[in-house]
Amino acid sequence: MGLLKNIWYVAGWSDELADGGTIARIIAGEPILLYRAEDGSPAALHDECPHRFAPLSSGWIKQGKVQCAYHGLIFDRRGRCVHNPHGTAVSALDIRSYDVVERDDFLWIWLGDPAGADIMSIPDMSMLASQPDQTLIRGYLHAAAHHQLMVDNILDLSHADYLHKEAARFADSSDDPSLITPRYPNPPKVEEIGDRLSVKWLSERATPIEIWQRELPDPSADADMFSEVVWYPGGAMALLTGVNQSGKDRSAAAFSPAVHAMTPETEETTHYFYAVKRNYRVDDTAYHEQLATTLVDAFSNQDQPMIEAQQRRMARQSFMAKKPALLSIDVAAARARRIYDRLLLSEQSVAT
Amino acid sequence: MGLLKNIWYVAGWSDELADGGTIARIIAGEPILLYRAEDGSPAALHDECPHRFAPLSSGWIKQGKVQCAYHGLIFDRRGRCVHNPHGTAVSALDIRSYDVVERDDFLWIWLGDPAGADIMSIPDMSMLASQPDQTLIRGYLHAAAHHQLMVDNILDLSHADYLHKEAARFADSSDDPSLITPRYPNPPKVEEIGDRLSVKWLSERATPIEIWQRELPDPSADADMFSEVVWYPGGAMALLTGVNQSGKDRSAAAFSPAVHAMTPETEETTHYFYAVKRNYRVDDTAYHEQLATTLVDAFSNQDQPMIEAQQRRMARQSFMAKKPALLSIDVAAARARRIYDRLLLSEQSVAT
Amino acid sequence: MGLLKNIWYVAGWSDELADGGTIARIIAGEPILLYRAEDGSPAALHDECPHRFAPLSSGWIKQGKVQCAYHGLIFDRRGRCVHNPHGTAVSALDIRSYDVVERDDFLWIWLGDPAGADIMSIPDMSMLASQPDQTLIRGYLHAAAHHQLMVDNILDLSHADYLHKEAARFADSSDDPSLITPRYPNPPKVEEIGDRLSVKWLSERATPIEIWQRELPDPSADADMFSEVVWYPGGAMALLTGVNQSGKDRSAAAFSPAVHAMTPETEETTHYFYAVKRNYRVDDTAYHEQLATTLVDAFSNQDQPMIEAQQRRMARQSFMAKKPALLSIDVAAARARRIYDRLLLSEQSVAT
């Protein structure tokens, strides 16, 4: 298989580079060093000295340049070797630099052919900015699982009804999980928009789950629940989940925008960045704390162990090779895998 | 190589399933979930949801059925999917169930072709039941070694004279281990009975080792020591070791029946279940405590490290490929390996 | 690739075998047991019983013989099986013994064809003995890196100016490491002497680095700094570093002899033995303590992590396959690798 290179990946949070901070992270198999250049803009270099493959991230950054801690070679933000204490800084000592763009509080990196690094194709996560900062809940998890398993988990939100049943506190909850009714009775509407995928779950004129019920003007009246995801092939996903009184304009909805970015580290491990905001109970700090605790617990102690268990079950066999039984809820995940495979095949054909 | 499937394996202790307990254990490479069905009888399922390979053992058991914690599918004890919250519970969602039988305080599982699961071929460990419960010493070890190395260790009991020399406290003991005389001067009598192996060590008219001497009516008179093992190809072994005044009927012997079951987890790891009883010093609780400490120490701190060291020495080469020097004491172990290989070859020929 | 066998390796320190001590160590892939025979001379055996591959190092040593703890076989220092409690001690039970020589406080072992074990080719580390014992600083590190990366680190001492810049406390030091001037302005003089390599760095009529300045009669006058290494293909290196007032006879120099022995454990791991003495501040115990702390910190917390990071970067690709950029400072390391490859090729051709 392999991993896409001609794609924008979330490399980290913008503010990880605040106050002289650096990021040393393997992304899609490439060791990357991120730091801020003298003008404050982010820079990304191959994190490996061409001389003896020492990680440059062990070195020193000064005036936007990186010096290797092993033998003192210095590189500028474009990867050009500008100082060799032991001879001439010939171009054979240059290293790869990468396009990196700061947008929507994320650092986006392009690892592939620089010619294709079109900033217009950076995933749009701007809906996060539209909600107040005090509602932000965000985190990072390092997961021992293929990034596609992590993506699948978001593209099939029906798992929340079971895996996160306590957190979701269903209106029809009971001690018996066998009686749980999925909140979305129908499969989602899935649409390909270029290389993206739009996935829309909708439950109309329903009794909403308890956590949503209490955000409604009239909890006893019918309501519509919705979960909408836009998936990008680099593993970043924009989510919008909410509830609205049936028949009312959606501008009155209580909703929560979120980003879940599953950046492959290797083919077996994933960087998971998540950020969640909301347009309701904006100044309720007690609610905020409780929600943060609940979400972090769900992502770390329910999603991650379950997905890592799947990964262990696959060991030396890929997910598809094990022939999983496809359910109606898998339509989006299956479509995303097809797009991914198509892009990867096309990229690898060109590369050969 | 590979591992036998058409064989009864010890999957665990019966009472591991008491009070709603479950067992999630890999047996001969297969992830297995064991639990009690509504009628109290044990059930065994492939511990993997067919949908996304989530371990069912993370789920919930209700009325003898298992619900996957990831997306809510429910399976009955026969592996039939009886509930799919997201569509129809079609037969493509069924999973493998396994024959499991409760006998002699063990759970026996059959992983292979169900047609061959003859309960008459379950190893007979009933001699344990014949001795009083208060003499029971039992335990479980997880060993990083091939199950056959673990089996070899029991089939060649001569190792006890050296590896467990302190525990055995020989009559001819001294500070110098080079002076130790093996308690059995002759190789054992080995006999194939179907696919089983009967191994009988005997030392007649000898001065018994100290731990046996004190169990004799006349410690100064000649005695016979015996160790008898029945090996079954699934790795379970029934042992009988004891001492008897020479010339007397064996019904007067002091003896200890034991089970050592070496169930392969994978080709490099083994579940080791052991249970020991005795017909002497039955109500001597101080002796019992000391014996338990000695045995657990011998199995855990002498046998297991030694066998795991052997395994590490083999790394990527099988035991036989390294061409071990065969001694007279290896006759039973060598024979057991031949039977095992024969059964495996026959099973794999059929499977192909 | 592979590792040289027809070469003398440092197997350990002589005094590791004091008071009945033994060494169980994997050297160039071979498990080795070292102990003292009855006459006090060191003996080396293949640390593996031919019967079941138990490590003999788990056993007992008595009168210069080793008894296996598993089934009691006894071997003499030549590897001859002299006692089999279960039958005849036939020659098929003999194991490999190795030539081992005690010299310059080291144990030297020859793993290859015994016919080639010429003690005249044992590396000469006698310059250590010429300095007072109270100046000795020595240690052992187990490194997760190929021994050649460890060797490279010593053959290119220019790394000290950067990686150990605090320890070296340069005269021209500043907060800005980009301003560091390497102490040796020119590449070393490299000479092949048989299979050895002589590497001489020299900085003439220079302002010495601060740690050397204070050892000079006239710190303000010009001085010569020198670092000389003799490399042996088994990974042992004799170093001599020092400073001398320019124009004076070297007999007046302040200097420090050292041994750095990089004995391969496997192709990915290395035993690193180091020993350092000096001819200055011989009785300054405060200086001695501080120097010891500084050196141990440099080797353990600067060199080792950097080299292990290199190794991780290489993963499944050899150093040369990654096509490192060669600098002038790499001349000795590159030459040593060529010699090593030549010897290995010749040895492996003969072996085939």
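Observations, loosely collected:
- Ascending count of other beta-carbon atoms within 10 Å, so fewest first, for C:285, B:266: C:285, B:266
- Spin-label pair residue C:80/residue C:221, simplified geometry with 7 Å Cα→Cβ offset, distance in nm: 6.6
- Along the range B:139-155 the Karplus relation, 6.51 cos²θ - 1.76 cosθ + 1.60 evaluated at θ = phi - 60°, assigns HN-Hα couplings of x, 9, 10, 9, 10, 8, 7, 4, 4, 5, 5, 5, 5, 3, 4, 7, 6 Hz to successive residues, with x for each Gly and Pro.
- D_trans [Stokes-Einstein, Kirkwood Rh over alpha-carbon pairs] for the range C:256-297, 10 °C, 1.306 mPa s, µm² s⁻¹: 133
- Per-copy distances of the residue A:300 label point, shortest first, in nm (7 angstrom along Cα→Cβ): 3.2, 3.2
- Reference-scaled alpha-carbon Rg (2.2 N^0.38 Å with N residues) for chain B: 1.10
- Packing-based exposure ordering (other Cβ within 10 Å, fewest first) of C:147, B:46: B:46, C:147
- Counting only residues at least eight positions apart within a chain, or on another chain, the lysines with an alpha carbon under 23 Å from that of residue A:277 are A:165, A:200, A:248.
- Close amide H pairs (under 5 Å, H built 1.01 Å from N) link residue A:59 with A:69, residues at least 5 positions away or on another chain.
- Unit Cα scatterers, Debye sum, the range C:90-214: log10 I(q)/I(0) for q = 0.14, 0.16, 0.17 Å⁻¹: -0.94, -1.15, -1.24
- Taking amide H atoms as placed 1.01 Å from N in the peptide plane, the amide H of residue B:236 lies under 5 Å from those of B:262, each 5 or more residues away in sequence or on another chain.
- Considering the range B:147-263, its Cα convex hull presents a mean projected area of 7.7 nm².
- Residues with amide H under 5 Å from that of residue C:83, placed H, sequence gap 5 or more: C:74
- Across the alpha-carbon set of the protein assembly as shown, the Rg to Rh ratio works out to 1.03, Rh being the Kirkwood radius.
- Other copies of residue C:26: label-to-label distances in nm, shortest first, labels 7 Å along the beta-carbon direction: 2.1, 2.1
- With the simple model of a label 7 Å out from the Cα in the direction of the Cβ, residue C:266 to residue A:342 spans 4.5 nm.
- Calculated FRET value between residue A:92 and residue A:349, using beta carbons and R₀ = 35 Å, to 0.05: 0.70
- Separation of alpha-carbon centers, the range A:100-165 and the range B:23-86, rounded to whole Å: 33
- Set of the range C:234-253 residues, backbone N closer than 15 Å to the point 7 Å along the Cα-Cβ line of residue C:141: C:237
- Taking a point 7 Å from the Cα of residue A:133 along the Cα-to-Cβ direction, the residues of the range A:250-275 with backbone N closer than 18 Å to it are A:275.
- The residue A:63 and residue A:102 beta-carbon pair, evaluated with R₀ = 22 Å, returns a calculated FRET efficiency of approximately 0.65.
- In order along the range B:34-47, the Karplus-derived 3J(HN,Hα) couplings, from 6.51 cos²θ - 1.76 cosθ + 1.60 at θ = phi - 60°, round to 10, 7, 9, 6, 4, 7, x, 7, x, 10, 9, 10, 4, 8 Hz, and Gly and Pro are given as x.
- Distances between copies of residue B:167, taken at a point 7 Å out from Cα along the Cα→Cβ vector and listed shortest first: 4.8, 4.8 nm.
- Using only side-chain charges placed at the Cβ, +1 for Lys and Arg and -1 for Asp and Glu, the dipole size of the protein assembly as shown relative to its Cα centre rounds to 2040 debye.
- Gaussian network model of chain A, Cα within-10 Å springs - most flexible of A:18, A:275, A:223: A:18
- Legend: P(r) of the range B:196-300 from all alpha carbon pair distances, 10 Å bins from 0, whole percents, reading 14, 39, 33, 12, 2.
- Highest-fluctuation residue, C:265, C:289, C:16 considered, GNM on chain C with Cα pairs under 10 Å: C:289
- The label-point distance for residue C:290 and residue A:195, in a model that sets each label 7 Å from Cα toward Cβ, rounds to 6.0 nm.
- The phi torsions of the range C:2-15, fed into the Karplus equation with coefficients 6.51, -1.76 and 1.60 and a -60° offset, translate into couplings of x, 10, 4, 10, 7, 7, 8, 10, 6, 9, x, 8, 3, 6 Hz, rounded to whole numbers, with Gly and Pro shown as x.
- Over the range B:187-226, volume per residue of the alpha carbon convex hull, in Å³: 81
- At 0.890 mPa s and 25 °C, Stokes diffusion of the range C:1-41 via Kirkwood alpha-carbon radius, µm² per second: 213
- Rg in Å to one decimal, and Dmax rounded to a whole Å, for the range A:252-339 via C-alpha atoms: 16.8, 49
- Only DSSP H runs of four or more residues enter the estimate; each adds -39500 (n - 2.57), and after division by the residues of the protein assembly as shown the mean residue ellipticity at 222 nm equals -5500 deg cm²/dmol.
- For chain A, a Gaussian network of Cα nodes joined below 10 Å ranks A:162, A:35, A:184 by mean-square fluctuation, and the top entry is A:162.
Readers should treat all values here as calculations from the given coordinates under stated rules, not as data from a laboratory. Every value quoted in this text rests on a predicted model; they were computed, and no experiment measured them. Positions of Cβ are backbone-derived with ideal geometry, glycine not excepted, and every protein chain shown enters the neighbour counts.
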